[in-house]
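Notes follow the structure.
No lab work stands behind these numbers, since they all come straight from the coordinates. Since we're looking at a predicted model, the values are computed, not measured. All Cβ positions, glycine included, derive from the backbone under ideal geometry; neighbour counts span all protein chains shown.
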C-alpha cells in the first residue's frame, strides 16, 4: 500500500483497542500514519517504517508535512572490481518540507546516507551483481524505496607474481649474525609488493616488508646460503640469486662464511 502524499483532514487518534486494516490512517502527536496491514495494539510511534521493513505502520506526514516521494532515475553509472557508483534524480520536496538527505540500501540493507544525488559503494566483491535502492528523507520521515537497480562489479584485474629480488648482499658478519640487504622489487601492473620472504639453505626463516633483514643465531665456522622472494597478491616470486659460500671471507661476489 503506497503512502498518501497529502491528508486534508487529520484522522482520528490511534487507539490501542481498535482494529486497523491496510490503508486506514491514524494520528498521534501530530504525526499521521497509514496501516500497512491488519494491526491492533501496535503503537505507530514505535512500530513504523516504510513498506518492506516489516512494520505495521508507515508515516504519511508529520505536523502537516508529508514524507517525500520515492527517488527516480536510479542508475549504476560506473563500476570497478570493488566499487559501483550510483546516481539518481533530486526529489522535489513536498509542500512545507525540505529534503534532508538520501539513504542508500544494498540488497535491502542500509549501507550509507548522503545529501547529494550520487554515492560510491565500496568494498564489493569482483564480478558480482548487487541490487540497490534509494530513499529520500524530510522532517516527516523516509520515502518509499526507489525502483531497484542492479550494479555489477567488473572482474578483478589479472595480477602477476613479482620478479625475483636482485642485489642480494651481506654486511660484515659476526660470529652469530649477518645483515642481508637487497633492492626493492618494482611491483607488476595492478599489484603492490606486500613483503619479502628470507630463506636460509632453502628454508623460509622470516618475512619482512623492508629490504634488509638481520639473520641471527648462526653458528661460527658454518656455511650458509641465503635467498629472498618477493610477494604480492598473486603469490611469491622466484628466489633471488643465492648469497653463497666459497670457504672464504665475505667477498665482492657476495659470498659469506661465518
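Taking a virtual spin label 7 Å from the Cα of residue 139 along the C-beta vector, which residues in segment 53-93 bring their backbone nitrogen under 15 Å of it?
Counting only backbone N, you get 61-68, 93.
For the chain, take every pair of Cα atoms, bin their distances at 10 Å starting from 0, and report each bin as a whole percent.
7, 21, 16, 12, 10, 10, 11, 8, 5, 1, 0
Take residue 204 and residue 242, extend 7 Å from each Cα along the Cα→Cβ direction, and tell me the distance between the two endpoints in nm.
It works out to 2.0 nm between the two label points.
Would you mind calculating the gained length between residue 158 and residue 189 on full extension (0.36 nm times residue separation, minus the Cα-Cα distance), in nm to one decimal? Kindly include the intermediate steps, with their values, before the conclusion.
Details: separation 31, 0.36 × 31 = 11.16 nm, distance 0.84 nm.
My answer for the length gained is 10.3 nm.
Share of Cα-Cα pairs in segment 58-153 beyond 18 Å, in percent?
Summing the P(r) tail past 18 Å for segment 58-153 gives 42 percent.
As an exercise, use a Förster radius of 35 Å and the Cβ-Cβ distance of residue 75 and residue 98 to find the FRET efficiency, rounded to the nearest 0.05.
Values: r = 25 Å, r/R0 = 0.71.
Efficiency, from the Cβ-Cβ distance: 0.90.
Which value, in Å³ per residue, describes the convex hull spanned by the Cα atoms of segment 149-223?
120 Å³
In segment 1-132, what percentage of the DSSP-assigned beta bridges are antiparallel, given to the nearest 5? List each step's numbers first, then the result.
On the way: 27 of 29 bridges.
Percent antiparallel among DSSP bridges in segment 1-132 is about 95.
Contour minus end-to-end for residue 9 and residue 233, with contour as 0.36 nm per residue of separation and end-to-end as the Cα-Cα distance?
The span from residue 9 to residue 233 would gain 74.3 nm if fully extended.
What does the highest-first list of 34-42, 116-124 look like by mean Cβ count within 10 Å?
Working: 34-42: 16.7, 116-124: 14.7.
Highest to lowest by the protection proxy: 34-42, 116-124.
Expected output is a single nm value to one decimal: the length gained when fully extending between residue 223 and residue 21, i.e. 0.36 nm times separation in residues minus the C-alpha distance. What is it?
On the way: separation 202, 0.36 × 202 = 72.72 nm, distance 8.73 nm.
Contour length minus the Cα-Cα distance gives 64.0 nm.
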